[in-house]
1. So in segment 237-270, with the set limited to residues that are farther than 29 Å from I133 by Cα and basic (K, R), which one is surrounded by the most Cβ atoms within 10 Å (Cβ to Cβ)?
2. Among the charged types (D, E, K, R) and out of contact with any strand residue (DSSP E or B) (no Cβ under 9 Å at 6 or more places or on another chain): is that true of D104 in this structure?
3. Of the residues that make up segment 207-215, is at least one of a type outside the set (A, V, I, L, M, F, W, C) and within 21 Å of N153 (Cβ to Cβ)?
4. Could you tell me whether V111 is in contact with a Leu (Cβ under 7 Å, 6 or more places away or on another chain) and either hydrophobic (A, V, I, L, M, F, W, C) or within 23 Å of L9 (Cα to Cα) (or both)?
5. Report the residue count in segment 248-270 for those that are outside any helix (DSSP H, G or I) and within 13 Å of the ligand (Cβ to nearest atom).
6. Among the residues of segment 134-142, are any under 29 Å from the mean Cα position of the chain (by Cα), surrounded by fewer than 23 Cβ atoms within 10 Å (Cβ to Cβ) and closer than 26 Å to N490 by Cβ?
7. Does E179 satisfy the criteria of being more than 37 Å from the chain's Cα centre (by Cα), farther than 30 Å from K410 by Cα and acidic (D, E)?
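The values are calculated or read from the model by the stated rules, or taken from the named source; none is laboratory data. Being a predicted model, the structure only gives us computed values, none of them experimental. Positions of Cβ are backbone-derived with ideal geometry, glycine not excepted, and every protein chain shown enters the neighbour counts.
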Amino acid sequence: MKTKIAELLASKIEGFDTQKVEQLLEVPPKADMGDFAFPCFQLAKVFRKAPNMIAADIAEQIGEQPFLAKVEVKGAYLNFFVDKTIFVRQVMERACQPGYGKSDLGEGKTVCIDYSSPNVAKKFHVGHLRTTIIGNSLYKIFTKLGYQVERINHLGDWGTQFGKLIVAYKKWGSKEAVEENGIAELMNIYVKFHEEAEKDDSLNDEARAWFTKMEQGDQEALEIWQWFKDISLIEYKKTYEMLGIEFDSYAGESFYCDKSKRVIDECNAKNLLEESEGAYIVRLDEYNMAPCIVMKKDGSSIYATRDLAAVLYRKDTYHFDKCIYVTGLEQKLHFAQVFKVIELLGYEWAKEQLVHVPYGLVSLKGGKLSTRKGNIIYAEDILNESVNRIHEIIEEKNPNLPDKADVAHKVGVGAILFNDLYNQRIKDVVFDWDKIHNFDGETGPYVQYTYARAASILRKRNLSEFDMDCCIDCSILTDDASIALLKEINRYPEVIKAAADRLEPSVVARYAMAVAQAFNKFYHDNQCIVEDEEVCNARLKLLSLAKTILRDSLGLLGIECPEQM
Ligand code: ARG
């Protein structure tokens, strides 16, 4: 419609092509000001006439048009009112296409998303929950736009901490305790190590020696390390399963140790390395950044070295068009340094293709929990608690609901995901159970409940998927609430693109909420199950379309919809 109006205007205004007019066309803030508005201020200079006179002239030239209900002159604006029935038909036809929302924008392009990436032998805390949730949603959004996406879990599975763990295990650990309590036990002995090392510094030397053994490929050291890693992965995978998340690669930091040499060689070739207190660094003063350390005194790699190696490896392996890193804001400098060094190595693409996607902290209402200050809350616990609480609500309100456990799972997990993704990712997330689980608030359960409501109405008619092919009388859907819902539905493809452009799943979350609200208004104003077959068909068709969009958009956030709640 917008293009059609732009074409029409361009044919009446000399020197303005369709594209230019389309850029100028606005969507007025209120429905009574029309569907599109064209401001004539810019034309005043060209035609040397008052803008309101120009608007009146153009309106006269346009006259009657089959697809326009009316064209109004309001001051310097031309307001276009699209014929409602035509609008309804257009949206219906478009949105009923299979795969509505998908696009081929990313065809032939690859995006690597580096997310979740917990640190082996440490529990998965709520900070890692955020990267996991945001990364997973970005994966779904980019896939929808036709990109090939590589989901990479860059495990924190290398570093001196493993030397400490081996020492701790040998001194105070036992096979049985680790097997029985998993990561919790590894964390216990790790804490013990630090307590003891306070008193006896030689423990630190022992730890360093074990890490050196690991770096040199010592079999015993690597076996213990591999075992710690396996134990940790079993626990991580439980959380991933709970969230319905998978990865294409678990190549973590250890994978890149033997690839660090290339980084050093390339830095040398470009004359970037400088010795500093025995270590090798790349100076970044010119870019107002602290130097990037690429090699420690003892010749071993560090976090940054392994990230540098990972960039080069991923470029060669996946030929990515973008490589996205989802981590907390506190790693901003780290990624800025890594990206800059890659650029200095002569890889110009670093500027556009390497992107850090930071996010804010998590706290519990009452301020008990912070990812920075300790007092850590674990992902597992928060997910389980959410599911249990929802289970209780169901027991109280709807004890006869079939598949209670499954519903509680979908809603409990969905509530956490939605709460995480509803605000811009850079903002801090607060866990306030009453708010997260409020079925009338701006929450996941509210949107899921709206979906279940739509599903139950279709069930009344024995329709699970309403027959989308049936012809309907579009003029039935021209009331304000139906039109408002259709306008939301119409927006879906642009919403997905905007979310990808801004790397911001909240755009989709806000949208799902807007559709749910528009749906509830539509359903409030329009009875769907009515005598009149034509009216019933038309409304049910719109209802089922909204239902599909709700499920699809929540799906982009990683949230599933139960059919009954
Ligand atoms: N393991 C790191 C952490 O927990 C996150 C890794 C992010 N990805 C990367 N390529 N550096 O803080």
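1. Among residues in segment 237-270 that are farther than 29 Å from I133 by Cα and basic (K, R), the one surrounded by the most Cβ atoms within 10 Å (Cβ to Cβ) is K259.
2. Taking the combined requirement at face value, the residue satisfies it.
3. No, because not a single residue in segment 207-215 is of a type outside the set (A, V, I, L, M, F, W, C) and within 21 Å of N153 (Cβ to Cβ).
4. no
5. Taking segment 248-270 first, the residues outside any helix (DSSP H, G or I) are 248-252, 270.
Those left that are additionally within 13 Å of the ligand (Cβ to nearest atom): 249-252.
Of the residues in that region, 4 qualify.
6. yes
7. Numbers: more than 37 Å from the chain's Cα centre (by Cα): no; farther than 30 Å from K410 by Cα: yes; acidic (D, E): yes.
Answer is no for this residue.
Rundown of residues vs (1) without any contact (Cβ under 8 Å) to a residue 60 or more places away in the chain; (2) in contact with an Asp or Glu (Cβ under 6 Å, 6 or more places away or on another chain), yes/no style:
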position: E176; (1), (2): yes, no
position: N181; (1), (2): yes, no
position: A184; (1), (2): no, no
position: H194; (1), (2): yes, no
position: D200; (1), (2): yes, no
position: Q216; (1), (2): yes, no
position: Q219; (1), (2): yes, no
position: I224; (1), (2): yes, no
position: K229; (1), (2): no, yes
